[in-house]
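*Asks:* Take this structure first; my questions come after.
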Amino acid sequence: MLEYLLNQPANKICADCGSPDPKWVALPFGTFICIKCSGTHRSLGVHISKVISVNLDEWTDDEVNCLAESGGNSVVNSRYEAFLPENKKLKQDCSTEERNDFIRKKYQFQQFVCDPQFSCPLPLNRKHAPPDKNHQQHNSSKYGFGHTFRNSWRKKDSDSKSLKKMSDVGMIEFVGLVKVNIVKGTDLAVRDVMSSDPYVLIHLGHQSMKTKVTKNTLNPIWNERLMLSIPDPIPPLKLQVFDKDTFSSDDRMGEAEVDIRPLIAATKEHENSTITESTELYRWSASEDSNGVLAKDSVISVASGKVKQEITLRLQNVERGEVEIEIECVPLSQ
């Protein structure tokens, strides 16, 4: 299905700037976009635009159906660019500021939409369901897109301060992508009576994503891969663990930070390398970690042509707990 949709003529160029051979999709809109535009879509937040790779990600049936039902680039642009002035269409060689400004106007503020009924894109799971109050209040849930779009076109000029802040976020240059596989937690802290309902929240600059909640366990297994754009300058990857509560704010279960710059440097070096077999590139000893973050030795290695770093983090500001993650960087050149 993905291959069929990708081969449609209108989907062979980026829906936003017209660059050829797009390999990314923005949901729930259902547009094929290029890697440069995908960086701006990620900066909008997953509550507005969820970016998925055609080649790198595993798709769910709901995501494929959402893409198919959208109609592709031609149909989506006929809605979201209905009132777009002829000379305002984004060009491939545009500046980063122009790209960010156009994409925000098109999707987040929907300034080119001809009819308010199109202000809410297709939800992934509940196409005809009525709005859910709890869902609107917690739009950080897995597919919490609808509430933002139902209200974004009603924003007033008096919101200029907040709009400026979001615009500044969108002007960031991106140097690549980081895929973070949240593997498992070990001996986490108790936050309920006897156990906890833990989930992991990761941050990179202004972006954030979270795992699913694992019920009633102190040794959760997530095996969940999250993907973020890497801004320049490169900030640390921040990881937080929370216990999910229904009737009160979620309880903290520790945190940690990871410097991803060595992994990015190793990935760039490997691009020009002839190494094909599995090889260990760098190793950090847990016994020599002055910050006490490493629970085990951390290794950057090459396996199957990919550069990855395996890290077991000792959570900070909490009585106990470790989280195992695996990180892979994808340079913008790929």
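The values are calculated or read from the model by the stated rules, or taken from the named source; none is laboratory data. Nothing here was measured: the structure is a model prediction, and the numbers come from that model. Ideal geometry is used to build each Cβ from the backbone, glycine not excepted, and the neighbour counts take in all protein chains shown. Ligands, DNA and RNA are excluded from the accessible area calculation, which covers all protein heavy atoms including side chains. Shrake-Rupley method; radii C 1.70, N 1.55, O 1.52, S 1.80 Å.
*Asks:* Taking the range 190-216 only, how many residues are over 17 Å from the mean Cα position of the chain (by Cα) and farther than 21 Å from I311 by Cβ?
*Replies:* Total meeting the criteria: 11.
*Asks:* Additional query: Working carefully through the options D259, D250, find the one that is within 23 Å of the chain's Cα centre (by Cα), assigned by the TED database to the domain that holds L201 and loosely packed, with under 15 Cβ neighbours inside 10 Å.
*Replies:* Residue meeting the stated conditions: D259.
*Asks:* While we're looking at this one, here's another question. With the condition kept exactly as written, say whether any residue in the range 227-234 is of a type in the set (D, E), surrounded by 15 or more Cβ atoms within 10 Å (Cβ to Cβ) and touching a strand residue (DSSP E or B) at 6+ places or on another chain (Cβ under 8 Å).
*Replies:* No, every residue in the range 227-234 fails to be of a type in the set (D, E), surrounded by 15 or more Cβ atoms within 10 Å (Cβ to Cβ) and touching a strand residue (DSSP E or B) at 6+ places or on another chain (Cβ under 8 Å).
*Asks:* Checking L281 against (1) over 21 Å from R261 (Cβ atoms); (2) touching a residue at least 24 places away in the same chain (Cβ under 8 Å), which single condition isn't satisfied?
*Replies:* The one condition L281 does not meet is (1).
*Asks:* Between a residue in the range 26-50 that is without any contact (Cβ under 8 Å) to a residue 60 or more places away in the chain and any residue that is among the small types (G, A, S) and open to solvent by 10 Å² or more (accessible area, probe 1.4 Å), which pairs come within a Cβ distance under 8 Å, given they are 6 or more apart or on different chains?
*Replies:* Final answer for the pair search is C34/S19.
*Asks:* Also, quick follow-up: Against the conditions (1) touching a helix residue (DSSP H, G or I) at 6+ places or on another chain (Cβ under 9 Å); (2) surrounded by 18 or more Cβ atoms within 10 Å (Cβ to Cβ); (3) part of a loop (DSSP other than H, G, I, E, B), where does W59 fall short? Just the number, please.
*Replies:* Just one mismatch for W59, condition (2).
*Asks:* While we're here: Please determine, by comparing only the residues of the range 174-207 that are without any contact (Cβ under 8 Å) to a residue 40 or more places away in the chain and of a type outside the set (A, V, I, L, M, F, W, C), which one is surrounded by the fewest Cβ atoms within 10 Å (Cβ to Cβ).
*Replies:* Only one residue fits best here, namely S195.
*Asks:* (1) on the phi > 0 side of the Ramachandran plot; (2) open to solvent by less than 90 Å² (accessible area, probe 1.4 Å): which one isn't true of S304, the others all being true?
*Replies:* Evaluating S304 over (1) on the phi > 0 side of the Ramachandran plot; (2) open to solvent by less than 90 Å² (accessible area, probe 1.4 Å) leaves (2) as the failure.
*Asks:* Within the range 184-210, which residues are under 15 Å from H47 (Cα atoms) and not in a strand (DSSP E or B)?
*Replies:* If the condition is that a residue be under 15 Å from H47 (Cα atoms) and not in a strand (DSSP E or B), then H206 is the only one that fits.
*Asks:* Can you tell me which residue among N100, N65 is in the same structural domain as N11 (by the TED database) and surrounded by 21 or more Cβ atoms within 10 Å (Cβ to Cβ)?
*Replies:* N100
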